[in-house]
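Here is the structure we will look at.
The values are calculated or read from the model by the stated rules, or taken from the named source; none is laboratory data. Worth saying up front: this structure is predicted, and the values here are computed from it rather than measured. Here the Cβ is made from the backbone with ideal geometry for all residues, glycine too, and neighbour counts use every protein chain on show.
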């Protein structure tokens, strides 16, 4: 469900809707032949779809401390709804309103759904596909983050700022294979192997590295793990992505003037990172073989009393 809006989004709204339906509706999975077949279909749909991460980039930008002005914070709910739905206001004002209306601090699901119903009607008047809005409503009912309102906002910005159908082919290049996995699969934030590799990498230096594990992980995640091979290409979307990546690093304590230095340092030390990933993968495989061997011994003991 998260992949549908966070990674696919407006890049292919039909696939986003279908993927959310598969992930949330048991009846949909039954019609597709059960959970296993439904998962296979969802994977094929999601992998082949054109991606657009603008909604998630707006989530990153919503974490800017100075984003929400005091007058908007104190405004009524109806006023915030009007700001979010207004195409005449700046995208930052609309983003701030979305954060205040649908941010993680809002805990009442019923209230969130009532608010989204109003916003959904306004977004529909602006041309956002009704099926995409229904998918966002489903997401909103199960989560506590503003992505449900930011994907429709991204769609409006895409149309307002000059939509095009061009596809950007990301120049990731050929991966460096770590065992059975490409190197970019070692997500440095959301996988244990990825975080272990970062820790091992930075501890391998005799002197203290110029950047922390969290700073390195944030830069690597945006450059590798979150990159998509086929992305909807629109200039304002690229601007949002660049600003979001910068915000991620600033929130990790990397001053704006040091962002380029961080990326250059990672590329300079890439061979050490690759070696650390190899070491972590080999250790994982050894632990897995030992666990399998232990399990077989336990099964043998049980079978033989």
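General remarks:
- Test: residue in region 104-124 that is at positive phi, touching a helix residue (DSSP H, G or I) at 6+ places or on another chain (Cβ under 9 Å) and touching a residue at least 40 places away in the same chain (Cβ under 8 Å): no
- Test: residue in region 51-59 that is surrounded by 14 or more Cβ atoms within 10 Å (Cβ to Cβ) and free of Cβ contacts under 8 Å to residues at least 40 places away in the same chain: no
- Index of the failed condition, residue 66 passing every other in (1) free of Cβ contacts under 8 Å to residues at least 40 places away in the same chain; (2) within 24 Å of residue 222 (Cα to Cα); (3) outside any loop (DSSP other than H, G, I, E, B): (3)
- Exactly one residue out of 7, 56, 14 is farther than 14 Å from residue 150 by Cα, at pLDDT 90 or above, in a helix (DSSP H, G or I) and in the same structural domain as residue 146 (by TED's automatic domain parsing): that is 14.
- Candidates 241, 166 - the one that is more than 19 Å from the chain's Cα centre (by Cα), modelled with pLDDT under 95 and not assigned by TED's automatic domain parsing to the domain that holds residue 59: 166
- All positions within region 126-137 that are more than 22 Å from the chain's Cα centre (by Cα) and either surrounded by 15 or more Cβ atoms within 10 Å (Cβ to Cβ) or more than 16 Å from residue 157 (Cβ to Cβ) (or both): 126, 130
- Residue check, residue 284 farther than 30 Å from residue 48 by Cα and surrounded by 15 or more Cβ atoms within 10 Å (Cβ to Cβ): no
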